[in-house]
Amino acid sequence: MKHWTEPNGILLIQIPIDWQYLNPAIDGSEEEPPYGFQSYKDPIGCFQLSCYPLSEQAPSIAKANPNGVRNLSWNKSRMDDPNFCIHLFFGALHDQALIGKYIYDASLKDDDRINGQLNIVDKILKSIVIVPVNDRQLASDLDKFDRFTGSLAASHDLLNSAIDSGSYIEIIAISANQIDAYLRLSLVITKQLNDKTDDIDTQYLFQSDEDRGFMERKVFDHALKSNVIDHRVFEDLNALYQLRNRVIHRYIISNIKTRDLVDIASRYLSAVETTRLILRELENRQAGVQYGVYGKKFGKTSVTEEAVERLRATANDKHFIKKFERKVGK
């Protein structure tokens, strides 16, 4: 199983390692209720979960439980139509009203596999943990951190594919992304070490389509000012940045030769390793303290088979393409 965090940090659930979180994967779907999940391979149905403030969804229950609902129980019902069968689950826990659904095609009504899926749904519903209000921001930020590291892992699949095919422009572009990512993570950890805090500066880890965020050159500046990198590395990265822009934007209209791309790609790969080692040193420093993403509290430095499986699953969530699909689960 792997954990899934509601985007606002309200609740946590455990879902099968080989199930996909659907909302970010479907074009036009927002990260808001209902949150959908189904198997990566050959899904026969879809599980959905929604949560809403209990005071809004069920004010009478909220009034009867001013300190929150302490024990979760589920009311189950059906809502079938000629096209779909829908199993409904209604519950409440602490300050949240919960609605679960399992939806499948009506033609599968008597299929034995549905019982197996409903058993999984039952385990998911039993796994729900409502995060205390004061911890929800941290839970949401940790989820952004996990998605970021999963995306970084996925980028290595793209880089390896580009190296195997000798796609030098792609090597340069992906390497530039990875350098940026390693520096962003280094800045997050450095701030935690300096402030002795669990707080995660997510402005470095997530940028929506509407956010301006920190561009690559600004990340270099912040890394230099925070002593993550020295002046030599700073100058090397800026020089590579200029070369990268020339390759991406002016390959056709400049005198740059394809032969030059080999050297630029090699320099970029060397810079990737330099920044990776900088991050590793910071991770090792944080592993010895109680606070921060790699501190003893969260146990993210433990390299277990389960942790590796979760990372593979997160990379699959990033790719959502069969070519790069990692095997997870049995």
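Values quoted throughout were computed directly from the atomic coordinates according to the rules given, and no laboratory measurement underlies them. Remember, it's a predicted structure, so these values are computed and weren't measured experimentally. We place every Cβ from the backbone using ideal geometry, glycine too, and count neighbours over all the protein chains shown.
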Quiz item: Given springs between every Cα pair under 10 Å in a Gaussian network model of the chain, which of Pro59, Pro16, Pro34 has the largest fluctuation?
Solution: Pro59
Exercise. Let me have the relative contact order for the chain, percent, based on Cα pairs under 8 Å that are six or more residues apart.
Key: 16
Self-check item: Sorted by Cβ neighbour density within 10 Å, fewest at the top, the residues Arg326, Arg184
Solution: Arg326, Arg184
Quiz item: How high is the relative contact order of segment 2-131, in percent, counting Cα pairs under 8 Å that sit 6 or more residues apart?
Solution: 24
Quiz item: Given the convex hull of the Cα atoms of segment 46-87, what is a quarter of its surface area in nm²?
Solution: 4.0
Practice problem: Output the DSSP H helices from the chain with an along-axis C-alpha extent of no less than 20 Å and a mean Kyte-Doolittle hydropathy no less than -0.5. | Solution: 112-126, 136-165, 168-195, 258-287
Quiz item: Dividing the convex hull volume of the alpha carbon atoms of the chain by its residue count, what do you get in Å³ per residue?
Solution: 172
Practice problem: Give the relative contact order (percent, whole number) for segment 135-324; include only Cα pairs under 8 Å separated by 6+ residues. | Solution: 31
Quiz item: So if we plug the beta-carbon distance of Glu305 and Gln137 into 1/(1 + (r/R0)^6) with R0 = 45 Å, what FRET efficiency do we get, rounded to 0.05?
Solution: 0.90
Quiz item: Given the options Ala97, Ala176, Ala64, which has the most mean-square fluctuation in a GNM of the chain, springs set between C-alpha atoms less than 10 angstrom apart?
Solution: Ala64
Quiz item: Do the sum for the chain: with -39,500 (n - 2.57) for every DSSP H run of n ≥ 4, divided by all residues, what is the mean residue ellipticity at 222 nm, to the nearest 500 deg cm²/dmol?
Solution: -16000 deg cm²/dmol
Quiz item: Within segment 154-233, which GluC sites (Glu not before Pro) sit in a loop by DSSP and count at most 16 neighbouring Cβ atoms inside 10 Å?
Solution: Glu210
Exercise. Would you mind checking the radius of gyration and Dmax of segment 135-324 based on alpha-carbon positions, in Å?
Key: 17.4, 55
Quiz item: Between Ile253 and Asp199, 0.36 nm times their residue separation minus their Cα-Cα distance comes to what?
Solution: 14.8 nm
Practice problem: With unit charges on the beta carbon (Lys/Arg positive, Asp/Glu negative), name the residue among Ser107, Ile248, Gly68 whose Cα is farthest towards the positive pole of the charge dipole of the chain. | Solution: Ile248
Quiz prompt | Inter-label distance for Ile321 and Trp74, nm, one decimal - labels placed 7 Å from Cα along Cα-to-Cβ | solution = 3.6
Quiz item: Pairs Lys76/Lys123; Lys144/Lys196; Lys2/Lys63: which are spaced more than 25 Å apart, C-alpha to C-alpha?
Solution: Lys2/Lys63
Quiz item: Volume per residue, Å³, of the convex hull around the alpha-carbon atoms of segment 2-131?
Solution: 118
Exercise. Identify which of Gly100, Gly68, Gly292 has the largest mean-square fluctuation in a Gaussian network model of the chain, with springs joining Cα atoms closer than 10 Å.
Key: Gly68
Exercise. Determine, for Thr190, Thr258, Thr202, the number of other Cβ atoms within 10 Å of each Cβ, and report the residues in order from fewest to most.
Key: Thr258, Thr202, Thr190
Quiz item: Sorted by packing (mean other beta-carbon atoms within 10 Å per residue), highest first, where do 228-241, 310-323 land?
Solution: 310-323, 228-241
Quiz item: Using 0.36 nm per residue, how much length does the chain from His3 to Asp263 gain when fully extended, once their Cα-Cα distance is taken away?
Solution: 89.4 nm
